[in-house]
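The values are calculated or read from the model by the stated rules, or taken from the named source; none is laboratory data. Just so we're clear, the structure is a prediction, and the values are computed from it rather than from any experiment. When we count neighbours, we look across all protein chains shown, and the Cβ atoms used for this are built from the backbone with ideal geometry, even at glycine.
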């Protein structure tokens, strides 16, 4: 009888681990995908990426105009930083940051419009 309880406990533990790992993966993928609404806010923020020119991405690309095909670029993250550094006179942002994921999600959302 004691053996039976031990097996039942292991089954519960496996199910619990499966649920925890599943939720972790789900939330991890959500974070990695970025948030387009947050990205839009960054797109309109004149201080995004340490910008000092008093301009935002929207200053040159009003409402994302001209960026409808930006999502096709393989080096989109590097292009975002190039714009931040050159046009906005900022420092740029970490390519793997949540800010980058958010701005990329916003730029990809422009393709759908």
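Annotations
- Among residues of region 70-113, those that are surrounded by 14 or more Cβ atoms within 10 Å (Cβ to Cβ) and assigned to a loop (DSSP other than H, G, I, E, B), counted: 6
- Of the candidates 41, 36, the single residue that is modelled with pLDDT of 95 or more and surrounded by 16 or more Cβ atoms within 10 Å (Cβ to Cβ) is 36.
- Scanning region 60-69 for residues being surrounded by fewer than 13 Cβ atoms within 10 Å (Cβ to Cβ) and either in contact with a strand residue (DSSP E or B) (Cβ under 6 Å, 6 or more places away or on another chain) or more than 14 Å from residue 39 (Cβ to Cβ) (or both) gives a total of 4.
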